[in-house]
Amino acid sequence: MDFAALRAKAEAAASSARQSIPGPSKPSQRYEPVRPALGASTKFPSQAEQRQQSTVLQLDASRRVLPPPPRRLSAQDAPVDAPAGPPPSYAAAPPPVAAKARPPPPPARKPSGLAPPPAPPPRAAKPPALASPASSSSAVTRPPPSSVSTSRPIPAPPYDHAVSHDLPALAASSPSPALAARFPAPRAVLTPTSSAPAHKRFTEYDERDKEDLFAALDSFFGSRLEVTTVSYTAEEEEKEPTEPAPYLAPSPAAAPPPVATSIRPRLPATASSSSSPPVSHAFAPTPKPPKPPELHAPSYPPPESHSSAALSILHYILSHPFATPWFVHSPHSTSSPLPPPLVGRSDLRFTASWSQRNSDKQHVGAALFGDGSVAWWRLSWTAEAEVAGRAHLDARREGRYRPRPDVASWDAHALYAQSEALGTRVARFAEEAVERGVPVARGECWDMASEALSAAAAEVAKEDKPFPSIGRTHGALLFHARAGRDGTWTGGDAYVRPGDVVDWREVRISEVGARRGQYMVLGDPDHTAVILSAAPPSAPPILPDSPPYRDSTYPLASLSAITVAEQSLGQAPSIRTYDLATLSQGEVWIYRPCALKALCGIDEVEARWPEDSGVECWSVGELE
């Protein structure tokens, strides 16, 4: 016999031996965690049943004065003539609990004046198999209680936090449809008679158990406190945000809204529909609320009460009562001929004149503001009223104005022509100042642009004189941007050219070629420089084919880099190149030098009535 035959014979013997070994009587049991299941007969208890199961009544029952517990009798101690039959009914006693070994009975307690502490319920011996409620003959017989406690009822067991209420037994009464729709039915709770544990501790609760608990608490407190609860779901977070409250301009003369008479606050509805009627309020909203201020408006020019600085001052002069005769001129007068709202402002050019014919006196004032608007006012009064101190009360008032210039309507050819006529002269003045190495005027940064524009005005005709430096304005605004946001490009010329003036405000920026992390802070709070050259833009602004030319989403980084001539107090003029893509904070304005006549409609600021000098102007109310 060879080796293969021996191996086959051995494997056959091993197989027969394995088959002769008896297998397990039943398959292995797979254990899984016990989870409460939804019973088909589970119904939500009524409010009366919930009140019986409430923790308040159970706690109150546990604090009652309880009698001593009955003395337990063993089988051998039971009397021979003990009557057979069902035990007395115990209303508060729990169902019998099976136990392997019965604990010894506690000693009997004598009644005393003090209330004894609550005692656990008596435990019976292991009963036989439970029979149906219909057969009373097979019920387990219990020995009667001791004579010590026959005159008092059996007390209820103390409250246990893990008590499992027998909800299926209370399913006979169905809740109302409104209550059932408001509170969903809880899951079935395992009873002590089932094979699974009768209850779970709170630390073992899952999400569904907690939802059932909180639903029961809402039902309990809602039925007693009459508080309307609002459900919150995750779907509400995905809805579009509601509009903010309308912006209401402050009005001191407006009366306060009436106070609502209801003392109970109204909670918002859980769901909204476009077809639902609007919610009524204590007062009706404004039919046309005023437009809120712009969130990203430039910090310069300063905000005005009207569309321009010129119109704002004319509203004051024409409609505001004067407290003093500020317009009256005398040789010994030291007061300013400016209207009171303009005293202390630096963003204007002002001039005034006085005249007298017989007893009639007249004051004419004119002002050019940084936003490009122009205002004229004329006040007339008599010498008698001035002597009587009534000049500011009896004066006749008149006003004319020109609005802000609309640079957005200028095309590329007009702006390019202004750069060729004035910008080249401004850039040449700055380059010569750097070559000399001597500070311009006072040495302030603003003096570089102001003196350059004044020098250009001396080289051109009167009608071509440039707009002077007024405040932070140095001509027509081409571009404005704030760090971290898109800028606004105004006008049709999509290039920064030599001679343009840049104004910085608290800017943090780096020079071209600087080491990483090295930066400069320009402006305390403002800094002005003259642009000598600019790198070609990486992407020109998107401008329409017809006026107005305006791109409000132009990135500052598209302007690449600019080379400027600048000076600071105590430092000679110098040339630097800044990388606009590294600007991390602050604001930037870029102006194009333009003729005052083309921009504002006047050759110069004169204290002459505009209609007499042939200047086109408007009265208050015509262009508002």
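Quick look at the values:
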{"read-out": "Sorted largest first, extent of the range 340-386 alpha carbons per principal axis (Å)", "value": "38, 17, 11"}
{"read-out": "Alpha-carbon spread of the range 408-593, three principal axes, descending order, Å", "value": "48, 46, 25"}
{"read-out": "Segment S552-S336, extension gain: residue separation times 0.36 nm, minus the distance between their alpha carbons", "value": "73.6 nm"}
{"read-out": "Extension gain (nm, one decimal) between S299 and E435, 0.36 nm per residue minus Cα-Cα", "value": "45.5 nm"}
{"read-out": "Equivalent ellipsoid, the range 309-402 (semi-axes from 5 times Cα gyration tensor eigenvalues, Å)", "value": "23, 13, 12"}
{"read-out": "Cα centre as origin, Lys/Arg/Asp/Glu Cβ charges: the range 408-593 dipole, Debye", "value": "340 debye"}
{"read-out": "Gain in span if fully extended, L213 to K462, counting 0.36 nm per residue against the direct Cα distance", "value": "80.9 nm"}
{"read-out": "Relative contact order computed over the range 367-451 (Cα-Cα under 8 Å; 6+ residues apart), in percent", "value": "22 percent"}
{"read-out": "Expected-Rg normalisation [2.2 N^0.38 Å, Cα atoms] applied to the range 535-605", "value": "1.48"}
{"read-out": "Simple spin-label estimate for R442 and A514 in nanometres, 7 Å along Cα-Cβ", "value": "2.7 nm"}
{"read-out": "Pairwise FRET efficiency - V387 versus L623, Cβ, R0 = 35 Å, nearest 0.05", "value": "0.35"}
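Any read-out appearing in this document is the output of simple, stated calculations on the displayed coordinates, not a laboratory observation. If you're wondering where the values come from, they're calculated on a predicted model, not measured in any experiment. Cβ coordinates were reconstructed from backbone atoms using ideal geometry, including for glycine residues, and neighbour counts include every protein chain displayed.
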